[in-house]
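The values are calculated or read from the model by the stated rules, or taken from the named source; none is laboratory data. All figures in this text were calculated on a predicted structure; none of them were measured in a lab. Don't worry about glycine lacking a Cβ; one is built from the backbone with ideal geometry, like all the others, and counts go over all protein chains shown. What goes into the accessible areas is simple: the full protein's heavy atoms, side chains included, and nothing from ligands, DNA or RNA. Shrake-Rupley method; radii C 1.70, N 1.55, O 1.52, S 1.80 Å.
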Amino acid sequence: MSTIRIYDANNYLRRNFEKGAPVQQVVPQYQRCVSLWVFDGAGALAKRRELYPEYKVKRDRETPTINGAYDFLRAVKIDLLPHCENAITLDMPGWEADDVIAHLVQAYARVDSITAIELYSNDGDFLQLKTGNQKLKIMDTIKLAEQVDPALIRLYKTLVGDSSDNIPGLKGFGDKAFAALSADTVADWLGFLAGTDQSLVSDLADTLKPAQREWFLGEGKEKLRLFWRIVGFLPIDADLVNNSMRISVSDRDEYQRTCRQYMWGI
């Protein structure tokens with residue numbers, strides 16, 4: 001049995017930093033299987049902000065520079081991971097970690113020698129990857145998993161919205177409205193958002209409240225299609241991913257030096 005671990009590094013490291021978990025537990029020097037630590041690349045938000053300038057603007061205002069989390073992330077990425085056995089660090093300029101991770105999960109799912117993919121993140125977007133993928137196991141708890149079918153996560157975030165990414169969705173369309181959707185209406189939404197079938201517009205409008213219907217028949221049609229693109233994963237070139245991987249070389253002395261210099265809980 002061959003297992004590969006994929007870490008949504010910014011997500012995973014920040015959460016553990018804020019919990020004060022011992023660094024040797026969070027980033028052990030020796031791991032039994034290959035581990036990929038995927039970070040956001042420089043200018044990672046640019047592609048989606050070209051489509052929707054308001055994307056993740058709340059995070060710009062809430063950047064946790066004061067509590068030392070970003071300094072910790074940089075220290076782990078630059079000074080610690082290069083000395084951890086079986087660790088591969090990956091960040092790609094212009095790409096968010098989510099897109100790179102989605103590519104890796106889908107690629108490894110097709111490799112016969114990989115029998116298990118362990119993904120470390122509590123980001124609900126990754127639930128989309130579970131559909132039809134028996135190898136994938138998300139190791140962190142995601143609350144959204146309790147209420148939405150993984151196959152409908154993208155639709156859920158398009159219609160209900162995602163406040164963390166500043167995606168407003170369809171105004172007034174919350175969890176109860178989503179749960180009440182019939183199978184036929186779900187199919188119509190998926191057909192409309194994923195395609196260009198204008199014949200579905202009037203049918204979908206008839207399922208909405210008056211104010212929602214007015215917005216949808218106006219600017220809403222294209223806005224929702226835009227949200228659909230943003231909350232999905234952007235395709236990425238395989239060669240670009242492979243050429244961006246930095247494979248570590250185990251060095252116990254350097255690992256210990258970094259722990260003493262930068263980390264907490266030693």
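R0 = 51 Å: FRET efficiency of residue 209 with residue 21, Cβ-based, nearest 0.05?
0.65
I want to verify a result. In a Gaussian network model of the chain, Cα cutoff 10 Å, which of these has the top mean-square fluctuation: 215, 37, 95?
Comparing 215, 37, 95 in the GNM, the peak value goes to 215.
Rounded to the nearest whole Å², what accessible area per residue is found for segment 1-44 with the 1.4 Å probe?
Ligands and nucleic acids excluded, the figure is 42 Å² per residue.
Tell me the Kirkwood hydrodynamic radius of segment 187-260 in angstroms, computed as one over the mean inverse distance between distinct C-alpha pairs.
Working: mean 1/r = 0.0607 Å⁻¹.
Answer for segment 187-260: a Kirkwood hydrodynamic radius of 16.5 Å.
Quick one: helix 97-109 against the long Cα principal axis of the chain, what's the angle to the nearest 10°, folded into 0 to 90?
The answer is roughly 80 degrees.
Please list, in chain and number order, the residues 5+ apart from residue 119 or on another chain whose amide H is under 5 Å from its amide H, with Hs placed from the backbone.
Amide H neighbours of residue 119, under 5 Å, 5+ apart: 6, 137, 138, 139.
For segment 157-232, with every protein chain kept in place, what is the accessible area per residue (1.4 Å probe, Å²)?
Ligands and nucleic acids excluded, the figure is 50 Å² per residue.
Find how many whole Å separate the alpha carbon centroid of segment 108-139 from the alpha carbon centroid of segment 145-183.
Comparing the Cα centres of segment 145-183 and segment 108-139, I get a distance of 22 Å.
Which entry in (i) 22.4, 88; (ii) 20.5, 67; (iii) 19.3, 60 matches Rg and Dmax of the Cα atoms in Å derived from the coordinates of this structure?
Correct label, based on the coordinates given: (ii).
When the solvent-accessible surface of protein heavy atoms is calculated with a 1.4 angstrom probe, in what order do 76, 186 fall, highest first?
186, 76
Working from Cα positions, state the angle (0 to 90°, nearest 10) between the long axis of helix 252-262 and the longest principal axis of the chain.
For helix 252-262, the angle is close to 60 degrees.
Tell me, in nm to one decimal, what length is gained between residue 256 and residue 202 on full extension, where the rule is 0.36 nm per residue of separation less the Cα-Cα distance?
Additional length available on full extension: 13.0 nm.
Over the chain, with a Gaussian network built from C-alpha contacts below 10 Å, which listed residue (205, 44, 180) shows the highest mean-square fluctuation?
Result: 180 has the largest fluctuation of those listed.
Grab the other residues whose beta carbon is less than 14 angstrom from that of residue 93, score K and R as +1, D and E as -1, and report the net.
Around residue 93, the charge tally is -3.
When ligands, DNA and RNA are left out and all protein chains stay put, how many square angstrom of accessible area per residue does segment 69-149 have with a 1.4 Å probe?
43
With a/c under 1.5 counting as rounded, go ahead and sort segment 36-165 into rounded, prolate or oblate using the C-alpha gyration tensor (a ≥ b ≥ c being the square roots of the eigenvalues; past the cut-off, prolate if a/b is larger than b/c, else oblate).
Judged from the Cα gyration tensor, segment 36-165 comes out oblate (a/c at least 1.5, b/c at or above a/b).
If the elastic network links every pair of Cα atoms under 10 Å, which of 121, 202, 163 fluctuates the most in the Gaussian network model of the chain?
202
Taking the Cα centre of segment 116-235 as origin, sum charge times position over the Cβ atoms of Lys and Arg (+1) and Asp and Glu (-1), and report the length of that vector in debye to the nearest 20.
Working: 14 positive and 17 negative charges, 20 e Å.
Its charge dipole is roughly 100 debye.
Please give the contour-minus-distance gain from residue 217 to residue 238: 0.36 nm per residue of separation, less the Cα-Cα distance, rounded to one decimal in nm.
Between residue 217 and residue 238, full extension yields 3.7 nm more.
Express the carbon and sulfur contribution to the solvent-accessible surface of the chain as a percent, rounded to the nearest whole number, probe 1.4 angstrom.
Percent of accessible area from carbon and sulfur atoms in the chain: 50.
Quick one: net charge around residue 135, please, counting Lys, Arg +1 and Asp, Glu -1 for every other residue with C-beta under 13 Å from its C-beta.
Here the count lands on +2.
Let me check I've understood the local charge: for residue 105, count other residues with C-beta under 13 angstrom from its C-beta, Lys and Arg +1, Asp and Glu -1. What total comes out? Write down the numbers at each step before the final one.
Numbers: positive: 5, 110, 130, 135, 137; negative: 8, 98, 99, 118, 123, 125.
Taking every Cβ under 13 Å from that of residue 105, the sum is -1.
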